[in-house]
């Protein structure tokens, strides 16, 4: 007898990653160093929650006998499906606060079972929360649906985990929605193909999750979002299967794929998709440049974004971000630049890019860039592993692990990401840092840090990604931490949209970004989207409270009124 | 007193182009040569229709007094707004057949008047047909709405013709929806910017029309459709203005811009958009290559499409198409290849592209390619004007003028365009040519010609564009021509979708492509789209019969049951 129906490596229910993946001693030192920076002098890291800390109520409904095999109500499964991975999720787990666990977790083995579950849920007024890897950082997978429903089921797609079919000529593959990043890449590798979609959550997130949240990936330019790589999709909705046709392009009506991308589970469940793939890169050119002036650095990136060179990596870290990641002196900005190709050498591309870096005062190690073009291309596992860029990338992957104990000790650590046109960028950058800094001081009584990098860039503007750190409580008062976070979060939503940006570039809307989403979108459009939802989900059981669902009017932000 | 409220150069009501733009004597010879090829030995070209050939019924409603200035019911205005520019439109004009002229043509001067007209139309049950340049080739602007409406108004946006605002830093501009291609480029030129969207209809089509039909443009790769260049949009709907925010990118919900692109006037009227622009090119590299084997040529294009080189031009003409355009011997395929940049020289790009051409047996004039990179970049007016590529382009621009008298004399000349994944291409190409060839023989009793070129290419497949020519009647029996065309058209719709393609890559759905659109899309999706329409257009007055409107069930193809 096992305590889970999941067949995957056991993940922590209370935080990031695998149960087996403990912090290394060096990482414990890093975490303590980061804690000291926000004002927490902890001798010991806090003790994580255990399943026995939570008293789960009995499920309020019984699944139909024909589907019983797919359903689990074990404590471990219900706990792992109670929250996503946002700051609010982590802190509520540390607080042992769990008002809305799912009644059941369902693990359908195929598309028909998914459809049967939706049918049953519609008949029985049971809410359904589609769940991929559960890494939402905006309340997108939380089963907090309120009393209008008899019960709520978290629908975990992990068993839909195959690459079904590969079309080498068109460089595409038919892939099930529940597959995780590493397995997807492993199944494509024998064909010499790769999706090359590497969000920070790569190890713990799924293709279907990427699609419905418009996940941001590997490429700094051109294919920034997963949207660009969706050739066709199958989405099971309560009204039937919405399937689109495999096509390289079409002009026939509004693009149905683009209704699915960004739908965040409120319209249906993505069971499979044909995805556009890449040949594995054979050539690579990379380097990093330092700028004394952040505005000049941003202008250099603007020139790069408009050059038509289309670097695959073009990540600019502001001085605070570079310092925070341990790759800067707090005065210089760092630009990480890279090209890759399966087809051709990249000298001409990189040479011109470096001219644009020099034109704006950037300094770089020309010999290191030259070496990057001479050396054999390492496997993806090892890419970008050298120098400042490599150090930054290691920190990027491990940061979610480091955050958990800091949150448990009273730190507030969060990120928010946006996009803005170039003409508005300077004032936007200044305004966001000032207003969020002021909000931190108001909410916590102390200053915090706010830093920024560009994750993706477009000819018409960058996608700035902000990170902030603050002290919620140095006395372990996590209720204060959570209240302060909510106050800061609503300011973040407001300032990025009020100053012209979007409330999310690639983290989706979920519950937490709804205040900004309503600020930046037209109510006429949201009404049209609600009408489309009513057609696809006539009983309104799909992921209530997320994106546009009317229930959200009551919640607005994770758990605030839940 | 004038016979029109249009303020633009007078266009022909019965065919392509300006009234003042007569065929040159050399063109008359070309037309007679083309006629001879389909079996028409005409000594004289037929006499075009005149306005006095048509007896227009009186308008069935009166517009409100407050809006009267915007409305016209002159014969010229009603006739020019009765049809688009498809084969069926041309032949019906030559037949002097006009069952459904608009009651009125409205020329709103600003967005408020557009909104007022939609309000009035909703109250009075008057259908509204948005009209940009009127160059639809699929029945998209035809006011054939049936008896459910009291009357029908063609809503001509020509007065919304300004570039309102330019943002040089983000390379974008706010532009009104009714502006025509040449005026748009002229207003951008002083800023050193260009949209570089050059559909065949460029001279006579509008920004708003491009957006709602997902027009295909200049770039063979990457930004193939206008969709990619829409930064934000304002669409006046009967339910209010659907405005999207200026953003370089976002992940907030399903992309609202993508509901507008492809909406074909059934949801509302695009009054303005912020568009992503380009710097004017300073560097160019171009050339053409011949292939003895079309399959090898297609494979070469596949390699180019997957290379990441992203040529701006990559147009492959099959042997029949090259011969038809007067640039081939009927045995060889012709590839027209080009790169352009405002930022960098293109030697490395072209050198690698030519390797891929050589790898598949393509032959080219290396010295001519070299010269293309040395010479100063000509203005857009003169681009691609040299050699086979230039000849082809001249024919491309003038072809619509040549078609009109041929249609009047009894020829059937039409095109259809699609997209298909590479793995399916060979069988698709063979199947489409065979089945359409057979349909021509069945419908006309004689063989016709069917040829193909690629207008755009993607890493996962090409966008083949087919042209066919047949003899409808050598006795001037245009009813036979039209009946034969309808039979052939429905076969084209069926074969391209049945063999895995899309019914339209960039001509939109309108009325004529609905049979294919329903074959390739999911009814679940079309129902969702209808629900969104019901939210935006609650009285159902917007462009009835087009795309998904239920009225279309009765029509199916232009005028067939109208």
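Read the figures in this text as sums done on the coordinates, not as results from a lab. Worth saying up front: this structure is predicted, and the values here are computed from it rather than measured. Quick reminder, even Gly has a Cβ in these numbers, built from the backbone with ideal geometry, and neighbours come from all protein chains shown.
Here are the numbers for the structure shown:
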{"item": "Cα-only Debye scattering, region B:102-213: base-10 log of I(q)/I(0) at q = 0.09, 0.24 Å⁻¹", "result": "-0.28, -1.30"}
{"item": "Expected-Rg normalisation [2.2 N^0.38 Å, Cα atoms] applied to region B:49-162", "result": "1.02"}
{"item": "Inter-part distance where region B:143-211 and region A:467-486 are each reduced to a Cα centre, Å", "result": "52"}
{"item": "Relative contact order (percent, whole number), chain B, Cα cutoff 8 Å, 6+ residue spacing", "result": "16"}
{"item": "Virtual spin-label span in nm between residue A:183 and residue B:186, 7 Å along Cα→Cβ", "result": "6.1"}
{"item": "Relative contact order %, region B:163-279, counting alpha carbon pairs below 8 Å whose residues are six or more apart", "result": "34"}
{"item": "Potential extension, residue A:241-residue A:487 segment - 0.36 nm per residue separation minus Cα distance", "result": "84.5 nm"}
{"item": "Burial ordering of A:455, B:47, A:504, fewest other beta-carbon atoms within 10 Å first", "result": "B:47, A:455, A:504"}
{"item": "Pairwise centroid distance, computed over Cα atoms, of region A:428-461 with region B:225-263, Å", "result": "27"}
{"item": "Sorted by Cβ neighbour density within 10 Å, fewest at the top, the residues B:263, B:82, A:205", "result": "A:205, B:82, B:263"}
{"item": "10 Å Cβ neighbours from other chains, averaged over peptide B:421-432", "result": "3"}
{"item": "Theoretical ellipticity at 222 nm over the protein assembly as shown - DSSP helices of four or more residues, -39500 (n - 2.57) apiece, nearest 500", "result": "-10500 deg cm²/dmol"}
{"item": "Shielding by other protein chains, B:238-246, mean Cβ within 10 Å", "result": "5"}
{"item": "Estimated distance in nm for a label pair at residue A:296 and residue A:20, the labels positioned 7 Å out from Cα along Cα-to-Cβ", "result": "5.1"}
{"item": "Calculated FRET value between residue A:479 and residue A:442, using beta carbons and R₀ = 25 Å, to 0.05", "result": "0.90"}
{"item": "For chain A, convex hull of alpha carbons as volume per residue, Å³", "result": "147"}
{"item": "Amide N proximity, region B:75-100 versus residue B:3 label position 7 Å along Cα-to-Cβ, cut-off under 14 Å", "result": "B:75-81"}
{"item": "Backbone N within region B:466-495 under 20 Å of label point (7 Å from residue B:28 Cα along the Cβ vector)", "result": "none"}
{"item": "Rounded, prolate or oblate (a/c below 1.5 giving rounded, otherwise prolate when a/b exceeds b/c) for region B:163-279 by Cα gyration tensor", "result": "rounded"}
{"item": "Neighbour-count ranking [beta-carbon atoms within 10 angstrom, fewest first] of B:364, B:219, B:83", "result": "B:364, B:219, B:83"}
{"item": "Per-residue mean of C-beta atoms belonging to partner chains within 10 Å, peptide B:227-237", "result": "2"}
{"item": "For the protein assembly as shown, diffusion coefficient by Stokes-Einstein and Kirkwood Rh (Cα), 37 °C, 0.692 mPa s, µm²/s", "result": "107"}
{"item": "Kirkwood Rh in Å, taken over all unlike Cα pairs in region A:283-376", "result": "13.2"}
{"item": "Compactness of region B:75-114 - radius of gyration and Dmax, Cα, Å", "result": "12.6, 39"}
{"item": "Shape parameters for region A:1-119, alpha-carbon atoms, Rg then Dmax in Å", "result": "17.7, 55"}
